[in-house]
Each structure stands twice: as C-alpha cells, then as structure tokens.
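Visitor: What follows is a structure written as structure tokens; I'll ask about it next.
The values are calculated or read from the model by the stated rules, or taken from the named source; none is laboratory data. Given the structure is predicted, the values throughout are model-derived calculations rather than measurements. All Cβ positions, glycine included, derive from the backbone under ideal geometry; neighbour counts span all protein chains shown.
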Amino acid sequence: MLEATIVKGINILKGMPDGGLLIINTNRPIDYMLKFIPNADVLGAIATVDADGISGVRTVDFSGSEGGVDSAGLGGGIAAPVVGAMARLTGMAKKESLAKIVKDVSGMERGYNEVKMQKLKKFATMSSQWGG
C-alpha cells in the first residue's frame with residue numbers, strides 16, 4: 001500500500017488469501033494502522049516502511065499509468081524502499097539481485113533494513129509457499 005490514507009476508506013484486503021502480508025508506506029506504528037483496516041483478521045502479518053521519509057518523495061506519481069512514462073525509473077522514488085522491504089519479508093528476491101537493477105540502491109537497502117513487521121497469526125513467506 002503506497003498511500004497509507006487509503007486504508008481508511010477502502011477495503012484493501014478484499015480478495016487477499018488468509019494469512020497474507022500487507023506492507024504499508026507509513027511512518028506510523030503498526031498498531032495505529034491496524035485500527036483502520038477492516039477485515040484485518042485475514043492478515044498473517046502487517047509491515048510498515050517509511051518509504052516517503054527514506055526517498056524524500058512525498059507524493060505518489062501515477063505517471064506509469066496507461067499512456068504515461070515513469071520518470072522515477074525502475075526502483076526509484078518510493079518504490080526502492082518498498083521493494084527492499086518486500087525482498088526482506090517475502091524472500092521473493094535477494095537484496096543483492098535487486099541492487100543490480102534498482103535505480104536507488106541506497107533507498108532499497110534502507111527499506112530492507114528499516115521495515116517493521118508484526119505477525120498476527122501463522123504467516124509463511126512467499127518463497128516458502130513456492131518451495132524456495
């Protein structure tokens with residue numbers, strides 16, 4: 001979830017399988033964010049990373065939408081810390097592999113190191129679910 005305020009008005013967990021992981025771009029504590037998430041009982045874990053603070057970007061850029069051009073580049077802006085957080089929590093990609101392709105390696109590494117996670121019930125990383 002790249003924009004934390006969306007959790008207050010939309011059922012962001014609709015369709016999420018039981019035990020899923022939600023990563024939110026915010027500097028607020030996990031317990032605070034849980035107050036606003038309907039159906040949080042489906043979550044296996046919730047995590048936060050302050051991608052705005054790490055990258056210095058305060059807005060979400062929708063230039064990558066249909067017909068647009070993403071000016072931040074692959075793994076630039078707030079995407080770098082978020083992809084670093086995802087790598088650490090899911091095991092879907094190695095940090096060293098991401099460092100070869102992201103634009104903001106420092107931001108990706110900070111997201112990897114600074115993400116905070118709280119397990120809510122049985123949670124398995126994606127790599128273990130996929131046999132990795």
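Visitor: Restricting to the stretch 87-106, and then to whatever is assigned to a loop (DSSP other than H, G, I, E, B) and of a type in the set (K, R), can you tell me which residue is modelled with the lowest pLDDT?
Guide: Taking the stretch 87-106 first, the residues assigned to a loop (DSSP other than H, G, I, E, B) are 91-94, 100-104.
After this cut, where a residue has to be of a type in the set (K, R) as well, the list is 94, 100, 103.
Working: K94: 93, K100: 93, K103: 88.
Checking each candidate, the answer is K103.
Visitor: Does I78 count as surrounded by 20 or more Cβ atoms within 10 Å (Cβ to Cβ) and at pLDDT below 90?
Guide: Judged against the criteria, I78 is a match.
Visitor: Residues that are over 15 Å from the mean Cα position of the chain (by Cα), modelled with pLDDT of 90 or more, aliphatic (A, V, I, L, M) and not in a loop (DSSP other than H, G, I, E, B): does the stretch 107-125 have at least one?
Guide: No, the stretch 107-125 has no match at all.
Visitor: Looking at the stretch 20-34, I want the residues that are closer than 13 Å to V115 by Cα and have a partner that is part of a loop (DSSP other than H, G, I, E, B) and of a type in the set (V, I, T) with Cβ atoms under 8 Å, at least 6 apart or on another chain. Which pairs are those?
Guide: Listed by first residue and then by second, the contacts come to L22/I12; L22/I37; I23/V115; N25/I78.
Visitor: Still on this structure: Take the residues of the stretch 37-51 that are part of a loop (DSSP other than H, G, I, E, B) and under 17 Å from the mean Cα position of the chain (by Cα): which is nearest to I12 (Cα to Cα)?
Guide: Residues of the stretch 37-51 part of a loop (DSSP other than H, G, I, E, B): 37-39, 50.
Pick out the ones that are also under 17 Å from the mean Cα position of the chain (by Cα) and you get 37, 50.
Numbers: I37: 8, D50: 19 Å.
Ranking the qualifying residues of the stretch 37-51, first place goes to I37.
Visitor: For D104, which of the numbered conditions (1) crowded, with 23+ Cβ neighbours inside 10 Å; (2) of a type outside the set (K, R); (3) closer than 14 Å to N25 by Cβ fails to hold?
Guide: (3)
Visitor: Hey, among the residues in the stretch 14-27 that are in a loop (DSSP other than H, G, I, E, B) and of a type in the set (S, T, N, Q), which one's surrounded by the most Cβ atoms within 10 Å (Cβ to Cβ)?
Guide: The qualifying residue surrounded by the most Cβ atoms within 10 Å (Cβ to Cβ) is T26.
For (1) surrounded by 13 or more Cβ atoms within 10 Å (Cβ to Cβ); (2) modelled with pLDDT under 90; (3) in contact with a strand residue (DSSP E or B) (Cβ under 6 Å, 6 or more places away or on another chain), each residue gets a yes or a no:
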position: G9; (1), (2), (3): no, yes, no
position: P29; (1), (2), (3): no, no, no
position: V57; (1), (2), (3): yes, yes, no
position: V69; (1), (2), (3): no, yes, no
position: A85; (1), (2), (3): yes, no, yes
